[in-house]
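Colleague: What follows is a structure written as structure tokens; I'll ask about it next.
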Amino acid sequence: MEIAPNQTLLQLLREELGLTGTKCGCEIGECGACTVLLNGHAVNSCLILAPQIDGQEVMTIEGLSDGDRLTPLQESFLDHDAVHCGFCTPGMLMSAKDLLDHSENPSEEDIRRAISGNLCRCTGYQQIVDAIGDVKQ
Ligand code: FES
Ligand code: FES
């Protein structure tokens with residue numbers, strides 16, 4: 001696939017590959033709506049140029065569930081009413097996955113730090129923090 005040198009990873013995912021689960025908010029690294037995992041770590045895909053990811057592993061929200069089967073993390077978001085409009089949710093989930101993949105028993109402070117780059121205009125954050133802290137693996 002040919003990509004323009006100035007195309008961002010976010011544009012590549014949404015516009016070329018049709019993976020619209022990753023949301024486009026600010027495009028300047030402020031909102032976290034575009035968060036994906038790059039080699040297992042949460043990054044803002046709007047700040048990464050597509051050519052930079054050649055040969056690297058990218059995981060988007062589409063890769064989180066197993067078909068129709070939600071992960072315990074996603075189930076916990078539903079159980080805690082942590083999804084309202086849903087715009088922030090894919091990015092929140094990817095930041096949370098990064099945290100839970102690298103920390104066995106994160107504190108509330110760890111959780112809040114992990115999602116500090118993800119803005120939510122609806123929930124007030126507490127349900128999201130509770131959902132991440134209460135994931136049943
Ligand atoms: S769209 Fe990337 S941080 Fe807002
Ligand atoms: S649920 Fe609406 S922005 Fe977070």
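Where a number appears in this text, it was derived from the coordinates with a stated rule and is not lab data. What you see is a predicted model, and the numbers here were worked out from it, not measured in a lab. For neighbour counting, all protein chains shown are included, and Cβ atoms are generated from backbone atoms with ideal geometry for every residue, glycine included.
Colleague: Hand me the GluC sites (Glu not before Pro) from the stretch 80-137 located in a DSSP loop with no more than 14 other Cβ atoms within 10 Å, in residue order please. Let's see the in-between values first.
Modeller: Numbers: sites: E104, E108, E109; in loops: E104.
Loop-located and lightly packed - E104.
Colleague: Quickly work out the T20-to-C85 label distance, labels modelled 7 Å from Cα along the C-beta direction, and quote it in nm with one decimal.
Modeller: Here the modelled spin labels are 1.7 nm apart.
Colleague: So, R0 is 30 Å and r is the distance between the beta-carbons of C122 and L47; what FRET efficiency does that work out to, to 0.05? Don't skip to the answer; put the middle values down first.
Modeller: Numbers: r = 24 Å, r/R0 = 0.81.
The formula returns an efficiency of 0.80 here.
Colleague: A follow-up question, please. Tell me the relative contact order for the chain as a rounded percent, counting alpha carbon contacts under 8 Å between residues six or more apart.
Modeller: Contact order relative to length: 26 percent.
Colleague: Rounded to two decimals, what is Rg over Rh for the chain when you use alpha-carbon atoms and the Kirkwood radius? Before the final figure, lay out the partial values.
Modeller: On the way: Rg = 14.5 Å, Rh = 15.1 Å.
The Rg/Rh ratio comes out at 0.96.
Colleague: K136 to E57: extension gain in nm, 0.36 nm per residue of separation minus the Cα-Cα distance?
Modeller: Values: separation 79, 0.36 × 79 = 28.44 nm, distance 2.63 nm.
The K136-E57 span can extend by a further 25.8 nm.
Colleague: Mean residue ellipticity at 222 nm from the helices of the chain, using -39,500 (n - 2.57) per DSSP H segment of n ≥ 4 over the full residue count, to the nearest 500 deg cm²/dmol?
Modeller: -7500 deg cm²/dmol
Colleague: Work out which trypsin sites (Lys or Arg not before Pro) in the chain are exposed loop sites (DSSP not H, G, I, E or B, at most 15 other Cβ within 10 Å) and give the longest gap free of them.
Modeller: Details: sites that count: R121, K136.
Result for the longest clean stretch: 1-120.
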